[in-house]
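Please read the structure below before turning to the comments.
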Amino acid sequence: MAGHSKWANIKRQKARVDAVKGKTFAKMSRAIIVAARTGGADPAGNFQLRTAIDKAKAAGIPNDNIDRAIAKGAGKLGADGDNLESIRYEGYGPGGVAVLIEALTDNRNRTAADLRTAFSKNGGNLGETGCVGWMFDQRGVVTIKGKPVLRGRKEVFELDEEALLEALLEAGAESYEIVELDEDSLGAEVFTQASQLESLSQALSASGYRLIQSELRWIPNNSVEVTDTEQARSLLKLMDALEELDDVQSVTANFEMSDELMSLSMA
């Protein structure tokens, strides 16, 4: 499982400031609009919409904003969102690191130009479709939280790995990684085939685990070890620049670096 969730772990450790929350709201609203447009406005019968709503709520997006995005997707508030389309872009970061980007956009030319600028300013280049996509496989990923226990007077979340393994075998999971969600909470990222994401989510929820997030994620099938400080700094700047673009929904890359180098590079 090495490398499967490296960038997800990096993002958790980077502890992004609330200054980007406005952009987060816009990105998640777009995802809700598209999910409602393509699969219907009822979350009970639209797993894509349900997961988009859960993700938005976890990020603190108000219910009014969520309801408005659903209404837009359903065509109840005019034609907003009708022109949004999902596009995958590919490129190379410093040192030949493969980068895969998923975007929702109403203007392909604008999005491509913004991506090209972000790459060129940070030592990379936007490539042709298919140039790095073959290095990634799409997997369903369910992030769960451990079960609550009292430690003194404080409630913390711990994970019984033996019980988790039993639950995962019954749920049909492929693999998992233990992750530290915050200083008092252990959790796990559970991997399955993309087509099995919904059934895995339901099985884990039925087993009593708290679901933090269910998503489709591109997983690199090979990785580049980064050991140079300048390359690491450029890569992290590139990832930030890409993720800050309004049209970008997700960014995945196939690099790994030590926690120590990551800390130095972010200083």
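Each value in this text was obtained by applying a stated rule to the coordinates, not by laboratory testing. Computed from a prediction, not measured in an experiment: that's the story for all the values here. Cβ coordinates were reconstructed from backbone atoms using ideal geometry, including for glycine residues, and neighbour counts include every protein chain displayed.
Which aspartates and glutamates have a Cα less than 16 Å from the Cα of residue 76, not counting those fewer than 8 places away in the same chain? Partners within reach: 42, 64, 67. Normalised by the number of residues in the chain, the average gap of Cα pairs under 8 Å and 6 or more apart makes the relative contact order 22 percent.
One chain, two ends: residue 44 and residue 64. Fully extended at 0.36 nm per residue, the span grows by 5.3 nm beyond their Cα-Cα distance. Here the extension length gained between residue 180 and residue 227 equals 14.6 nm, from 0.36 nm per residue of separation less the Cα-Cα distance. Were the residues from residue 113 through residue 194 laid out at 0.36 nm apart, the gain over their Cα-Cα distance would be 26.1 nm.
Counting other Cβ atoms within 10 Å as a rough exposure proxy, the listed residues 66, 33, 144, 87 run 87, 66, 33, 144 from fewest neighbours to most.
If you plug the beta carbon distance of residue 154 and residue 260 into 1/(1 + (r/R0)^6) with R0 = 35 Å, you get a FRET efficiency near 0.75. Where the convex hull is taken over the Cα atoms of segment 27-173, what is its projected area averaged over directions, in nm²? Reported value for the Cα convex hull: 13.4 nm². Distances between every pair of Cα atoms in the chain, grouped in 5 Å steps from 0 to the bin holding the largest one, split as 1, 6, 12, 15, 17, 18, 15, 10, 5, 2, 0, 0 percent.
Working from label points 7 Å from Cα in the Cα-to-Cβ sense, the residue 74 to residue 128 distance is 4.5 nm. In percent, how large is the relative contact order of segment 137-219, given Cα pairs closer than 8 Å and 6 or more residues apart? Dividing the mean separation by the residue count of segment 137-219 yields 47 percent.
Each other residue within a Cβ distance under 11 Å of residue 175 adds +1 if Lys or Arg and -1 if Asp or Glu, for a net charge of -2.
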